[in-house]
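Working notes, structure below.
The values are calculated or read from the model by the stated rules, or taken from the named source; none is laboratory data. A quick note: this is a predicted structure, and the numbers were derived from the prediction, not measured. Backbone-built Cβ (ideal geometry, glycine too); neighbour counts: all protein chains shown.
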Amino acid sequence: MLALFASSRRDGNTGRFMDQIAHELGIEVVDLARLRISPYDYAHGNRGDDFEPLMQRILAHRQVIFATPVYWYSVSPPMKCFLDRISDYLEVPELIPQGRRLRGKRAYVVCTSVCEQPPAAFLAAFRETFEYLGMQYSGVAHLNCEDGDLPPAHEAQVRAFAALVSSEGAGDPT
């Protein structure tokens, strides 16, 4: 399993929440902001960036976590850029067979906001993207950070989400 993290603050609420989950699961967190991933290009002239090597890593796993804070009812800019670039695996002839390998993978969302629940539009963007790609939306872990820093009380939520992900990935060597 691999986690993709995208935020303007690596050590912000979402980063700390994702790090707690990753520690509980024993998985790696990839910070999309540290990679060179160009915006989507209809001519696909950006193929020399870090996107395709990252996708190869993702394709090696059966489960992927997408972690981002909620920015104006949507994902962070680095996550949006990443999601847009998946189009390369639906359009570039030599990448299409690899793109089909996304089918059946389990996808999870980890997010923070200043609301009790993540906005419906935020989750719909992930759900519809996963459905279009043939991935299975398998759950969300959300924290309301309206009061700022994450209190230790969230540890139970971390453990519950990690247990959900672990149970669904039982027997998954990656």
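Quick one: residue 66 ticks every box in (1) surrounded by fewer than 20 Cβ atoms within 10 Å (Cβ to Cβ); (2) aromatic (Phe, Trp, Tyr); (3) under 16 Å from the mean Cα position of the chain (by Cα) bar one, so which box is it?
Unmet for residue 66, out of (1) surrounded by fewer than 20 Cβ atoms within 10 Å (Cβ to Cβ); (2) aromatic (Phe, Trp, Tyr); (3) under 16 Å from the mean Cα position of the chain (by Cα): (1).
For residue 94, which of the numbered conditions (1) free of Cβ contacts under 8 Å to residues at least 40 places away in the same chain; (2) part of a helix (DSSP H, G or I) fails to hold?
Unmet condition: (2).
Based on this model, can you work out whether residue 36 counts as in contact (Cβ under 8 Å) with a residue 12 or more places away in the chain, of a type in the set (D, E, K, R) and either on the phi > 0 side of the Ramachandran plot or not in a helix (DSSP H, G or I) (or both)?
Against the criterion (in contact (Cβ under 8 Å) with a residue 12 or more places away in the chain, of a type in the set (D, E, K, R) and either on the phi > 0 side of the Ramachandran plot or not in a helix (DSSP H, G or I) (or both)), residue 36 qualifies.
If only one of 101, 127 is of a type in the set (Lys, Arg), assigned to a helix (DSSP H, G or I), surrounded by fewer than 18 Cβ atoms within 10 Å (Cβ to Cβ) and touching a strand residue (DSSP E or B) at 6+ places or on another chain (Cβ under 8 Å), which one is it?
Details: 101 fails: touching a strand residue (DSSP E or B) at 6+ places or on another chain (Cβ under 8 Å).
The match here is 127.
Could you please find all residues in the stretch 104-124 being part of a loop (DSSP other than H, G, I, E, B) and within 21 Å of residue 27 (Cα to Cα)? Spell out the reasoning first.
Taking the stretch 104-124 as the starting set, the residues that turn out to be part of a loop (DSSP other than H, G, I, E, B) are 104-105, 114-119.
Across the stretch 104-124, the qualifying residues are 104, 105.
Against the definition (more than 12 Å from the chain's Cα centre (by Cα), acidic (Asp, Glu) and in a loop (DSSP other than H, G, I, E, B)), how does residue 19 come out, yes or no? Explain how you work it out, then say what you get.
On the way: more than 12 Å from the chain's Cα centre (by Cα): yes; acidic (Asp, Glu): yes; in a loop (DSSP other than H, G, I, E, B): no.
No; evaluated as a whole, the condition is false for this residue.
Give the residue, chosen from 43, 60, that is within 18 Å of residue 90 (Cβ to Cβ), surrounded by fewer than 17 Cβ atoms within 10 Å (Cβ to Cβ) and of a type in the set (A, V, I, L, M, F, W, C).
Unique residue meeting the criteria: 43.
Considering every residue within the stretch 152-160, establish whether at least one is of a type in the set (Asp, Glu) and either within 23 Å of residue 25 (Cα to Cα) or surrounded by 14 or more Cβ atoms within 10 Å (Cβ to Cβ) (or both).
The first filter runs over the stretch 152-160 and keeps only residues of a type in the set (Asp, Glu), leaving 155.
Narrowing further to those that are either within 23 Å of residue 25 (Cα to Cα) or surrounded by 14 or more Cβ atoms within 10 Å (Cβ to Cβ) (or both): 155.
Yes; the residues of the stretch 152-160 include at least one that is of a type in the set (Asp, Glu) and either within 23 Å of residue 25 (Cα to Cα) or surrounded by 14 or more Cβ atoms within 10 Å (Cβ to Cβ) (or both).
Within the stretch 15-24, is there a residue that is over 18 Å from residue 154 (Cα atoms) and surrounded by 13 or more Cβ atoms within 10 Å (Cβ to Cβ)?
Just the residues of the stretch 15-24 that are over 18 Å from residue 154 (Cα atoms), to begin with: none.
No, the stretch 15-24 contains no residue that is over 18 Å from residue 154 (Cα atoms) and surrounded by 13 or more Cβ atoms within 10 Å (Cβ to Cβ).
Residues are listed down the side, and each one gets a yes or a no for (1) closer than 21 Å to residue 157 by Cβ; (2) touching a Leu at 6+ places or on another chain (Cβ under 8 Å); (3) at pLDDT 95 or above:
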site: 5; (1), (2), (3): yes, yes, yes
site: 30; (1), (2), (3): no, yes, yes
site: 39; (1), (2), (3): no, no, yes
site: 71; (1), (2), (3): no, no, no
site: 104; (1), (2), (3): no, no, yes
